[in-house]
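Asks: Sharing a structure here in structure tokens format.
The values are calculated or read from the model by the stated rules, or taken from the named source; none is laboratory data. What you are looking at is a predicted structure, and each value in this text was computed from that prediction instead of being measured. Quick reminder, even Gly has a Cβ in these numbers, built from the backbone with ideal geometry, and neighbours come from all protein chains shown. With ligands, DNA and RNA removed, areas are computed over all heavy atoms of the protein, side chains included. Shrake-Rupley method; radii C 1.70, N 1.55, O 1.52, S 1.80 Å.
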Amino acid sequence: MINIKRALSSLRKIDNELTPYFKDIQMHLERYNDKLNKLTNGSNDLVNSINGHLYFGFHKTNTEWVYREWLPGADGAWLTGDFNNWNTYEYPLTNIGGGIWEIKLGLDSLKHGQYVKLIVGRLGSSFERIPAYIKRAPLDTSTNKLCGQIWDVQGYKWTDDKFFKKKKNKNPLIYETHIGMAQEHGGVGTYKEFTDTTLKWIKKAGYNAIQLMAIEEHPYYASFGYQVTNFFAPSYRFGTPEELKDLINTAHNMGLSVLLDVVHSHACTNIGEGLYLQDGTEDQYFLSGKRGWHEAWKTKCFDYGKDEVLHFLLSNLKYWIDEFHFDGFRFDGVTSMLYEDHGLGSSFMNYSQYYSLNTNVDARVYLMLANNLIHSINKNAITISEDMSGMPGMCLPLNKAGFGFDYRLSMGVPDMWIKLIKESKFESWDVFYMWHELTTKRPCEKSIAYAESHDQALVGDKTIMFRLVDAEMYTGMEKSYHSLSIDNGIDYHKLIRFITSTLANGGYLNFMGNEFGHPEWIDFPREGNNWSHHYARRQWSLVNNPNYKFEWLANFDREMINFIKKSKTLNQDVESIWLDNSKKVFIYKRGEYIFVVNFHPTWSQESLYIDTQRFDQKNYEVVFSSDDYKFGGQNRIERNYIYKSNDYGFTIYVPSKTAIVLKSK
């Protein structure tokens, strides 16, 4: 329970500009307290109160099977499947009150692997549905639709106890991945392939966290997992639930955190496969009318004000933590959740846009409850908000009137890089604009920086490397080949990632393959590409070929990530030493390290002056340089030289398109 007076006092100290909106924020906190009290029957203990996944769905006891479903709009319900030769009305469920329907069956009635469907009766008609809490929903090839499946595998042996005894990952360096396209062959990758191969690449690349996309079951592969039908079912395409557990268990034993890209912002509209019209009514899980329809995504929007929906979504989070040992979540589509217009077309230029009739307070309360639950289950869990609106307090603790997230995604940064590459020449890039976008943050809040994610790699868009070199990617990546555009592309690809990651306010993210400039876009099998998997894969052989420049980019990214981990600079404040727009030079300090980045395409700085008057350190040496041979550079930076600072500073040679890090000695 939040002490509202104390929380608002703390918030005022953090951001006094929010004071005019304290009535709104107070109302949000009151709504949270009321809902927490109601959901927990006054105990305020969400962990022991949220257990929908242990009550609803199929459960095997010592004496029988019990199946329950919440169907408030139903007039009748029946269970059918191959266990009874699909006899529609042989096994009726009983309405036990509160819209809950139940059936109890003998232990021999249901067996592992059998297919099941729910039959719902309403207003004189009946229709098939998949149970809402089903734990596996593979494709029924006879109907070409997803079907519920009994999954009765008990006693997975976890060996990751030591991992959970470690401290919280305070600087997540996230490798964003998609299981199905993580392999090179032209098909859908599996959990086992990922475990055996991709995990080793991620560990070698230096990242300490993995973000898994498209895990919750979704009928349309090309949706990238963002149109979910079965929220408790790991996608059948990639293998079994036990193979997903093997993946996570193996990752933990390699020291890697595993985050789930969870989609609670909307749901797929496929009737009969997901939650839409589950009991025959529009508003069982979702808002009714226009409020429940996301026009841009063509999906349904949850009713976060309904207790049963909150139980479903919160239980879903607890299930993924308890059953699969996920270490946290990246919440997709938070902006869409928080605003009645889903933030579409809004610029969010002033605070008044965050506190108005356009704000979905129920969604805010849900996100606060979710963070309470997650961090109560696992104090070391990581939660990340995908919010482009900049909603204040997103990453403040609940007791400081925040939402409770650990990080927000810095969504403006990739937009900035795209804008610069598309609209201006390198020599015209505005250093002060770049600095503002890369360093501006909400007070006391952490973020995950990234130059590009999966969004920038999808068909219809372009990765940074593709934007920099375009079609020459196909002909110019052999190490023996040189041109101005290719050389610039290699250098700026490194600089963009370097300055984005080293100015990060907490953590950093990269989408798999983008670190080495993976060619081409992502395009999943669909009618428009003749159902081809050619673009839904990762060409790892390119980076492993010593004749190609992809190796240089991979080497650079690996050493950059390892430097960030070793130096622990993301825990240090950023201090600007000098920004020069004419020379396109950035000089900044974090801890005992000085960073020098020259973005100018042609102007090398023969004697760039670095002012160290206000620092105690006097001597510096270069500990990182993007100009090393192994990164495709010319090795013009002397590594063994000690730069001795006089009373004012020292000078250093910084070639064009080069990043350097100096450490005090």
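Here is a yes/no grid of residues against (1) among the polar types (S, T, N, Q); (2) under 30 Å from ALA222 (Cα atoms); (3) open to solvent by less than 50 Å² (accessible area, probe 1.4 Å):
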| site | (1), (2), (3) |
| --- | --- |
| ASP523 | no, yes, yes |
| ARG538 | no, yes, yes |
| TRP552 | no, no, yes |
| LYS566 | no, no, no |
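Asks: Quick check on this structure: which one of SER664, SER645 is over 22 Å from GLY489 (Cβ atoms), among the polar types (S, T, N, Q) and within 38 Å of the chain's Cα centre (by Cα)?
Replies: Unique residue meeting the criteria: SER664.
Asks: ASP140 - would you say it is at pLDDT below 95 and either among the hydrophobic types (A, V, I, L, M, F, W, C) or open to solvent by less than 40 Å² (accessible area, probe 1.4 Å) (or both)?
Replies: In short, yes.
Asks: Can you tell me which residue in segment 627-660 is surrounded by the fewest Cβ atoms within 10 Å (Cβ to Cβ), limited to those that are touching a residue at least 24 places away in the same chain (Cβ under 8 Å) and in contact with a helix residue (DSSP H, G or I) (Cβ under 7 Å, 6 or more places away or on another chain)?
Replies: Looking at residues that are touching a residue at least 24 places away in the same chain (Cβ under 8 Å) and in contact with a helix residue (DSSP H, G or I) (Cβ under 7 Å, 6 or more places away or on another chain), I get LYS630.
Asks: Any residue at all in segment 128-135 that's farther than 30 Å from ASP196 by Cβ, in contact (Cβ under 8 Å) with a residue 40 or more places away in the chain and more than 28 Å from the chain's Cα centre (by Cα)?
Replies: Yes, the conditions are met somewhere in segment 128-135.
Asks: Restrict the check to segment 506-517 and report whether at least one residue is under 21 Å from the mean Cα position of the chain (by Cα) and polar (S, T, N, Q).
Replies: Yes, there is a match, as at least one residue in segment 506-517 is under 21 Å from the mean Cα position of the chain (by Cα) and polar (S, T, N, Q).
Asks: I'd like to verify a number: residues in segment 267-310 that are among the charged types (D, E, K, R) and open to solvent by less than 10 Å² (accessible area, probe 1.4 Å), how many?
Replies: 2
Asks: Further, regarding this structure: Helices (runs of 4 or more DSSP H) wholly in segment 354-468 with at least 1 residues that are small (Gly, Ala, Ser) and open to solvent by less than 10 Å² (accessible area, probe 1.4 Å) - which ones?
Replies: Here the list reads 361-377.
Asks: Here's a follow-up. So, in segment 101-137, of the ones that are open to solvent by less than 40 Å² (accessible area, probe 1.4 Å) and in contact with a Lys or Arg (Cβ under 6 Å, 6 or more places away or on another chain), which residue ends up nearest to PHE83 (Cα to Cα)?
Replies: The selected residue is LEU118.
Asks: Same structure, new question: Taking segment 82-99 only, how many residues are open to solvent by less than 30 Å² (accessible area, probe 1.4 Å) and without any contact (Cβ under 8 Å) to a residue 40 or more places away in the chain?
Replies: Qualifying residue count, segment 82-99: 2.
Asks: Pairs please, first residue from segment 551-571 and under 18 Å from LEU495 (Cβ atoms), second anywhere and in a helix (DSSP H, G or I) and charged (D, E, K, R), Cβ atoms under 6 Å, 6+ apart in sequence or on different chains.
Replies: ASN555/LYS630; PHE556/LYS494; ASP557/GLU515
Asks: Ok, one more. Restricted to segment 573-626, and to residues that are in contact with a Pro (Cβ under 9 Å, 6 or more places away or on another chain) and either on the phi < 0 side of the Ramachandran plot or at pLDDT below 95 (or both), which residue is surrounded by the fewest Cβ atoms within 10 Å (Cβ to Cβ)?
Replies: Result: SER604.
Asks: Mind checking which pairs have a first residue in segment 1-14 that is touching a residue at least 12 places away in the same chain (Cβ under 8 Å) and more than 14 Å from MET368 (Cβ to Cβ) and a second that is open to solvent by 30 Å² or more (accessible area, probe 1.4 Å) and of a type outside the set (Lys, Arg), Cβ under 8 Å, 6 or more apart or different chains?
Replies: Pairs that qualify, where the first residue is touching a residue at least 12 places away in the same chain (Cβ under 8 Å) and more than 14 Å from MET368 (Cβ to Cβ) and the partner is open to solvent by 30 Å² or more (accessible area, probe 1.4 Å) and of a type outside the set (Lys, Arg), are ASN3/ASN399; ARG6/ASN399; LEU8/GLN26; SER10/ASN399; ILE14/PRO443; ILE14/CYS444.
Asks: Of (1) on the phi > 0 side of the Ramachandran plot; (2) open to solvent by less than 10 Å² (accessible area, probe 1.4 Å), GLY345 satisfies all except one. Which?
Replies: (2)
Asks: Given LEU199, LEU173, LEU212, which one is of a type in the set (A, V, I, L, M, F, W, C), touching a Lys or Arg at 6+ places or on another chain (Cβ under 9 Å), open to solvent by less than 10 Å² (accessible area, probe 1.4 Å) and at pLDDT 95 or above?
Replies: After ruling out the rest, the residue left standing is LEU173.
Asks: Pairs needed: first member in segment 29-54, without any contact (Cβ under 8 Å) to a residue 60 or more places away in the chain and assigned to a helix (DSSP H, G or I); second member anywhere, of a type in the set (A, V, I, L, M, F, W, C) and open to solvent by 70 Å² or more (accessible area, probe 1.4 Å); C-beta distance under 6 Å; at least 6 residues apart or different chains.
Replies: Pairs that qualify, where the first residue is without any contact (Cβ under 8 Å) to a residue 60 or more places away in the chain and assigned to a helix (DSSP H, G or I) and the partner is of a type in the set (A, V, I, L, M, F, W, C) and open to solvent by 70 Å² or more (accessible area, probe 1.4 Å), are ASN33/MET1.
Asks: For segment 624-654, give me each residue that is in contact with a Lys or Arg (Cβ under 7 Å, 6 or more places away or on another chain) and closer than 26 Å to LYS565 by Cα.
Replies: Within segment 624-654, SER626, ASP627, PHE631, GLY632, ILE642 qualify.
Asks: From the residues in segment 215-235 that are of a type in the set (Gly, Ala, Ser) and over 21 Å from THR250 (Cα atoms), which one is modelled with the highest pLDDT?
Replies: Applying the filter and picking the extreme gives GLY225.
Asks: I've got another one for you. Is it the case that some residue within segment 150-169 is surrounded by fewer than 14 Cβ atoms within 10 Å (Cβ to Cβ), without any contact (Cβ under 8 Å) to a residue 24 or more places away in the chain and under 29 Å from CYS268 (Cα atoms)?
Replies: no
Asks: Let me ask another. Assess whether ILE210 counts as being outside any helix (DSSP H, G or I) and touching a Gly at 6+ places or on another chain (Cβ under 8 Å).
Replies: Taking the combined requirement at face value, the residue does not satisfy it.
Asks: Condition first: without any contact (Cβ under 8 Å) to a residue 40 or more places away in the chain and in a loop (DSSP other than H, G, I, E, B). Can you find one or more residues in segment 329-344 that meet it?
Replies: Yes: one or more hits.
Asks: When both residues are 6+ apart or on different chains and their Cβ atoms are under 9 Å apart, which pairs have a first residue that lies in segment 252-267 and is under 13 Å from ILE384 (Cα atoms) and polar (S, T, N, Q), and a second that is modelled with pLDDT of 95 or more and open to solvent by less than 10 Å² (accessible area, probe 1.4 Å)?
Replies: none
Each row is one residue, and each column tells you yes or no for (1) surrounded by fewer than 15 Cβ atoms within 10 Å (Cβ to Cβ); (2) under 26 Å from THR281 (Cβ atoms).
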residue: THR19; (1), (2): yes, no
residue: LEU29; (1), (2): no, no
residue: LYS35; (1), (2): no, yes
residue: LYS38; (1), (2): yes, yes
residue: GLY52; (1), (2): no, yes
residue: LYS60; (1), (2): no, no
residue: THR63; (1), (2): yes, no
residue: ARG68; (1), (2): no, yes
residue: ASP75; (1), (2): no, yes
